[in-house]
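I have placed the structure first, in the form of structure tokens, so that the comments after it can refer back to it.
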Amino acid sequence: MIDDFRGPDVSRPKPRRIEPLEKTPQRSIQELAAEHDARAGQSQTTEGPSEDTPEEPAFVPPNEIVEDANEVKVTPVNTTSAVKSASRFFSPRWTLSRKWTIAVAVAGLLLVGGGSTAAYLLTRPSVKGGVSVTKRPAKPEPKITTVASTLSGLQVDPSVNQRPVFGVMVENHDPDARPQSGIDQAGVVFEAIAEGGITRFLTLYQDTQPDYIGPVRSARPYYLQWCMGFDCAYAHAGGSPEALADIRSWGTKDLNDTPGTFWRIPSRYAPHNLYTSIPKLTELAASKGYNTASFTGFARKKEQAYKAPAAATTTQTTTKKAAAPTDARTAASSIDFNISSGAYNAHFDYDAASNAYKRSQGGEAHMVVDGAGNQAQITSKVVIAIITSFGTASDKHSQYGVTGSGQAFVFQDGTVTTGTWSKDDTKTPLLFKDASGKPLPLNPGQTWITALSGTDRLVYQ
């Protein structure tokens, strides 16, 4: 037909007839991958290709097939089939093989894990020196569950102030009663002459529970009166006739020498070997109904050690600074009580490190010993000298004016304060006041009180 248009005289080779290509059905990538996996699976089940099975043609990607076809003839796209093919491509049906499914799952887990790790790194607490620093809420401060002891002023459990107060008579005969035991654990100690210049101690206990106190000796009226100002249970071994009569008439909580509560030690001879303990006295007191004590303790304050004023200087400075407050108290670091004679006179040295006073008597450190043989020097937080009348009865026992009032010299914090003492009657407490008549507060801890017959028997510096 082409020749009819050109004419018979035109000589030109005839074009080659091109046969239309057979239309190849379009398949999705998922179908091709599934077919490939199926073929690979079949090949793995046998050792090699079978003689009866023809060799499979090489796999040709769909895009190459399309490119080859386009080189020959452009086939119009069937819109309907394209839409159907697209719908098959986005079909929700899962068509991947088991191997591909595992690969996709692993990739998803890696993505999720990576995201979690990144979130942790962005939000984790700061790290310093390889240690994670985490801010925790501050713990509330513990509540204070202690109170000041009525006897000593030291911090104790509230139940301690409900205990009875025990007053124990301890002798000081030189050398038979020395060293004594338990005096260092007393809250308050009274010192006075018993007879013949020999001193004796009334030791008061409530905070502490020493199990070895002695040697225990006899009663005297003035010790009894000081003791009753603390509503104490009075432990003694006999006493002067006047003191024994006073115990009955004054209604004293009497804890006289009782077997089982008091015992004698073999290392000393009588009467310097009688001992007792607070646990034993507590049992005896409970059997008599002495289970508590009601009294007014000394006024107390916080410790404030003395600071000497700075030495004057002539250095001229251009900058004026506010002067430090001057401690107006009178310093006193050495105290001497000339009570009777050399063996019984007492001396106190102020120890700034402990803000307390180390006691000596007879020219030697006043030592105490416990039941295990351990020794220590008596050290008191407060030392007081009370000036009172003194005399001797017809039976040669001492007499002191305990009620009324008089001068008092209070040593604490390395200083001395002059004031007064007063005691209205046998059962009322002993009070200390400053020069203006206000209560004179004392440091918490052991208070040592010595009765002197005059100010001439007191020396301090």
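Among the residues making up the range 244-264, a single one is within 20 Å of Asn172 (Cβ to Cβ) and free of Cβ contacts under 8 Å to residues at least 40 places away in the same chain: Arg264.
Within the option set Asp207, Asp211, being in contact with a helix residue (DSSP H, G or I) (Cβ under 9 Å, 6 or more places away or on another chain) and either more than 15 Å from Val189 (Cβ to Cβ) or part of a helix (DSSP H, G or I) (or both) holds for one residue only, Asp211. Being assigned by TED's automatic domain parsing to the domain that holds Glu191 and at pLDDT below 95 is a description that applies to Ala393. Taking the conditions exactly as written (surrounded by 10 or more Cβ atoms within 10 Å (Cβ to Cβ), polar (S, T, N, Q), touching a residue at least 12 places away in the same chain (Cβ under 8 Å) and not in a helix (DSSP H, G or I)), does Thr282 satisfy them or not? No, not satisfied. Answer yes or no: is there a residue in the range 287-302 that is at pLDDT 95 or above, assigned to a helix (DSSP H, G or I) and in the same structural domain as Gln461 (by TED's automatic domain parsing). Yes; the residues of the range 287-302 include at least one that is at pLDDT 95 or above, assigned to a helix (DSSP H, G or I) and in the same structural domain as Gln461 (by TED's automatic domain parsing).
Quick check, is Asp327 at pLDDT below 95 and surrounded by 10 or more Cβ atoms within 10 Å (Cβ to Cβ)? Here the answer is yes, as Asp327 does meet what is asked. Within the range 177-236, the only residue that satisfies the criterion of being of a type in the set (Lys, Arg) and more than 21 Å from Ile247 (Cβ to Cβ) is Arg178. Among the criteria (1) buried (at least 16 other Cβ atoms within 10 Å of the Cβ); (2) more than 16 Å from Leu458 (Cβ to Cβ); (3) free of Cβ contacts under 8 Å to residues at least 60 places away in the same chain; (4) not aliphatic (A, V, I, L, M), the one His347 does not fulfil is (2).
So for the range 220-237 (the condition being more than 29 Å from Lys433 (Cα to Cα) and of a type in the set (Ser, Thr, Tyr)), does at least one residue qualify? There is no residue in the range 220-237 that is more than 29 Å from Lys433 (Cα to Cα) and of a type in the set (Ser, Thr, Tyr). Does at least one position in the range 369-391 carry a residue that is buried (at least 16 other Cβ atoms within 10 Å of the Cβ), among the basic types (Lys, Arg) and part of a strand (DSSP E or B)? There is no residue in the range 369-391 that is buried (at least 16 other Cβ atoms within 10 Å of the Cβ), among the basic types (Lys, Arg) and part of a strand (DSSP E or B). Counting just the residues of the range 146-174 that are over 36 Å from the mean Cα position of the chain (by Cα) and part of a strand (DSSP E or B), which one comes out surrounded by the fewest Cβ atoms within 10 Å (Cβ to Cβ)? Checking each candidate, the answer is Glu171. Filter the range 215-233 down to the residues that are touching a Leu at 6+ places or on another chain (Cβ under 6 Å) and in a strand (DSSP E or B), then identify the one that is farthest from Leu431 (Cα to Cα). Filtering first and then ranking leaves Val216.
Condition check ((1) assigned by TED's automatic domain parsing to the domain that holds Thr276; (2) more than 20 Å from Tyr269 (Cβ to Cβ); (3) among the acidic types (Asp, Glu)) across all residues:
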site: Val160; (1), (2), (3): yes, yes, no
site: Phe166; (1), (2), (3): yes, yes, no
site: Pro175; (1), (2), (3): yes, no, no
site: Val188; (1), (2), (3): yes, yes, no
site: Ile198; (1), (2), (3): yes, no, no
site: Gln209; (1), (2), (3): yes, yes, no
site: Val216; (1), (2), (3): yes, no, no
site: Gly229; (1), (2), (3): yes, yes, no
site: Glu242; (1), (2), (3): yes, yes, yes
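If you go through the range 223-247 and keep only what is buried (at least 23 other Cβ atoms within 10 Å of the Cβ) and of a type in the set (Ser, Thr, Tyr), you end up with Tyr223, Tyr234. Scanning the range 175-189 for residues that are over 16 Å from Thr450 (Cα atoms) and assigned to a strand (DSSP E or B) yields Gln180, Ser181.
Only a single criterion out of (1) more than 19 Å from Arg163 (Cα to Cα); (2) in a loop (DSSP other than H, G, I, E, B) is not satisfied by Ala192, namely (2). In the range 289-296, the condition of being surrounded by 21 or more Cβ atoms within 10 Å (Cβ to Cβ), β-branched (Val, Ile, Thr) and within 20 Å of Gln162 (Cβ to Cβ) is met by no residue.
Once the range 324-361 is narrowed to residues that are of a type in the set (A, V, I, L, M, F, W, C), part of a loop (DSSP other than H, G, I, E, B) and over 21 Å from Gln180 (Cα atoms), the residue that is nearest to the chain's Cα centre (by Cα) is Ala353.
The values are calculated or read from the model by the stated rules, or taken from the named source; none is laboratory data. In this text, all values refer to a predicted model and were calculated from it rather than measured experimentally. Cβ sites come from the backbone with ideal geometry, for glycine too, and all protein chains shown count toward neighbours.
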